[in-house]
Each structure stands twice: as structure tokens, then as C-alpha cells.
Amino acid sequence: MSDFHRDVPRLGLVLAIGVACAVLTACSSTNGTGNRLTEAFKPYRVSVVQGNVVTREQVAVLRPGMSRIQVRDILGTPLLASVFHADRWDYVFTFRRQGSEPLSRRVTVFFKGDLLERFEADDALPSEAEFAASLEGNRAPAKVPVLEATSESLQKFPAPVKAAEQPKPLPPLPASYPPLEPAAR
């Protein structure tokens, strides 16, 4: 075998080591510009909504003396209902979105027997409109179409066709059915 054929694998290994060293050296000498490069190519992270969303409007409806069923109908099933604290329900909500701080809210409902005694809620509970806007993120809110039909727009459609007054009667059911399996021989 010639010397050239023996040196080709060595040359490839030396070249690969040289490229790896150059890449590693380049990564360490960016002086802060590497952060901008890596931030530009971050993968998309899905917004994560966990728990029960409790809004200001829901808390405004709560009144002492309501039954557990009424509270559950308004706020939903509690995220935390402890066996050791049977008279306390905790509604916890977290919202994580890429590029912003995680949002966490808590509402605690206290019962005496089967009736609502009191509740504690974070001061910064969102309204329903604020929460819906926060889900849209940086997008512009969608334009809501007008849901009214004028008499002119209704005239564009053909008049409804009247169906027959009485539907056809169904045929009578059979008195007996054939066997599902053949008879044994």
C-alpha cells in the first residue's frame, strides 16, 4: 500500500479535530453576541394553562350561605380538595407563556358544614375579557363579526320549503327474527 493511502485517514482525523477546535474557540469568543444568536433560534414553546381559571365576575357572585353545589356550579370543580381539610377548597391557576413571567392566581373557599362561610382571593384576578386577551398573546384581537341580519340581507335567501305535514309511517317490525347461528346438526 502506498504512503498516500495510509496518510488519508490520519489527514481526515487531523482535519476533524482542527474544525472541532475552531468551532469551540468561536463559541467562547462571542463576547455576548452568542446570546442574541441563540435567542433568535429558540424553539417554539407552547403556552401552558393549568388549573381553574377564576375571574373577578365569578368571585363577585359568591355569597356566604351558598351550598357547595352552588359554589361548584360557579367556580367549577376545585383543583385541590383535601381529605384532611374537608371544609376548604383551593382553586389554583397557572399560566406560562414563552417570553413572559409565569402567572399564578389562587382562590380559597371555606365552608362550615355544607354552606359557604368565606373565601379568600388574590387581588389581581383578571376579568373574563382580560383573561381572553392574555390568551391571544401578542396577536391583534380578532375582529368580531356583526351578528345581526337586516331585512335586506334576509331577502337574498330563498323562502324555506315546507315539509310534508306528517312523515311516512315506518313499516311494522317483524314478529320473529331469523336465528343468528345455524342450527346444530
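Each reported figure results from applying straightforward, stated rules to the coordinates on display, with no laboratory input. What you are looking at is a predicted structure, and each value in this text was computed from that prediction instead of being measured. Backbone-built Cβ (ideal geometry, glycine too); neighbour counts: all protein chains shown.
Values for this structure:
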| read-out | value |
| --- | --- |
| In nm, spacing of pseudo-spin labels at SER176 and GLU101 (7 Å Cα→C-beta vector) | 8.2 nm |
| Gain on full stretching of the segment that runs from ALA20 to ASP73 - 0.36 nm per residue minus C-alpha separation | 12.8 nm |
| Relative contact order %, the range 40-175, counting alpha carbon pairs below 8 Å whose residues are six or more apart | 22 percent |
| Peptides ranked, highest mean first, by Cβ atoms within 10 Å: ranges 45-57, 118-130 | 45-57, 118-130 |
